[in-house]
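Comments concern the structure below.
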Amino acid sequence: MFRFVDVREDLPRHETKVFQKRKVEHIKGIVVHHTAGGDDINNTARYHVGPNHVSSSGCPALLYTFYITRSGIIYWANDLEEVTWSQGGHGSPVPGTNANNNFLGVVCAGDYSKDNPGPPFVQTFALMTLWAHLVGQLKNSYIAKELYGAIDCPIESMWGHHNFGKPACPGPTLTTLIDTFRSYSQPTIGLNSIIDWQEALNSWGAKVIEDGVWGSNSRSALVDFQKANGKLVVDGIRGPMSEAALLNAIGIG
C-alpha cells in the first residue's frame, strides 16, 4: 500500500521567488512527468530552487504539485493554487487553456525513457488513485480529505508532458498508459480525420484539396501554419499541440 505525506512546509524553497496563484476551479486536468533521474524529492527540490535548466537564478520551489516515488509514496509538495512551472512554454493541446495556469503537474520519480523499463506497479497505482481522489471518483482514506473532489474535471483529463511539446517525457510506458486512459473521453470538438485537418487548414488560409489524403501539399500547409504560429514544433505532424493551435486560429477552440 502506498503512503501520502504532506511536505509543503518541509521542502526547500527559494529565498525570494514565489509561484503565481490561480483559482482551483481553473484547473482543467493533470499533466504527468518523470524526473528522468533520481528518486529523492529533497534532491529534486534543491535542484529546482538552485540555478538549473529552467531558470539560471532558480525556481520558487519544486516544479510539481505532487511527487510520487518508485515505492508509491505520494508527496504533496505545493498548494493546488500555486502555478508551478511544470509544462514549459510550448503551449497547450487543450484549446483556450494555458499549459501551466490550467494544469496540475505530477511527477513520477525515475527515468522511464525508451532505454529503461516502465514504472513499478505501485507507483502507477498511486498515480491513478491520487487522480481519482482529486476528481472525486474514488475516495481514499490515505490521501488528505481536503483533496477529495477538489478538482472539477472529468477523470479522463489526464495528459502527459509529451502532449505539451516534450516527446520523451514521461517515457513510452506512461505515455501509452496516459493516452489510452484519456482516449475513453471523446472530445466534442476536434480534428478527427484528415479531411477535418484539411478543412481547418483551408479555413486558416491554406489551399489544399479536401480529399482525405495526407499528401505533400497537406503536410506543407501544416508546416506553414506551424511556422506562422511561432510556438509550435515545425514538423508537419498532426499532433495535439498543432490541433489546438489550429482550432484556436480559426475560432473554434
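Numerical summary
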item: Integer Hz, Karplus 6.51/-1.76/1.60 couplings in order for the range 60-67, x for Gly and Pro; result: x, 6, 3, 7, 9, 7, 10, 10
item: Projected area averaged over orientations for the chain, convex hull of C-alpha atoms, nm²; result: 14.1 nm²
item: Carbon/sulfur fraction of accessible area - the range 130-179, other protein chains in place, 1.4 Å, %; result: 54 percent
item: Along each principal axis, Cα extent of the range 77-227, largest first, Å; result: 56, 36, 28
item: Amide proton proximity set for I73, modelled H, under 5 Å, gap of 5+; result: R3
item: Per-residue ³J(HN,Hα) for the range 233-250, Karplus 6.51 cos²θ - 1.76 cosθ + 1.60, θ = phi - 60°, Hz, x for Gly and Pro; result: 6, 8, 9, x, 9, 7, x, x, 5, 5, 4, 4, 5, 5, 4, 4, 5, 9
item: For the chain, accessible area per residue (1.4 Å probe, heavy atoms of protein chains only), Å²; result: 49 Å²
item: Rounded to whole Hz, the Karplus (6.51, -1.76, 1.60) HN-Hα couplings of the range 102-111, x for glycine and proline; result: 10, 9, 9, x, 10, 10, 9, 5, x, 10
item: Cut-off 12 Å between beta-carbons: net charge of the residues surrounding D40, Lys and Arg +1, Asp and Glu -1; result: +1
item: Centre separation in Å (Cα based) which lies between the range 89-153 and the range 31-53; result: 16 Å
item: DSSP bridge pairs, the chain: antiparallel proportion in percent, nearest 5; result: 20 percent
item: Geometric extent, Cα atoms of the range 27-164 - Rg, Dmax (angstrom); result: 14.4, 41
item: Positive minus negative residues near G160 (Lys, Arg vs Asp, Glu; Cβ under 11 Å); result: +1
item: Order by protection proxy (mean Cβ within 10 Å, highest first), peptides 33-39, 230-236; result: 33-39, 230-236
item: Share of carbon and sulfur in the accessible heavy-atom surface of the range 48-128 [1.4 Å probe, %]; result: 54 percent
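The values are calculated or read from the model by the stated rules, or taken from the named source; none is laboratory data. All of these numbers come straight from a predicted model, not from anything done at the bench. Virtual Cβ from ideal backbone geometry, glycine too; neighbours counted across all protein chains shown. Quick note on the areas: whole protein, heavy atoms, side chains included, nothing else; ligands and nucleic acids left out. Shrake-Rupley method; radii C 1.70, N 1.55, O 1.52, S 1.80 Å.
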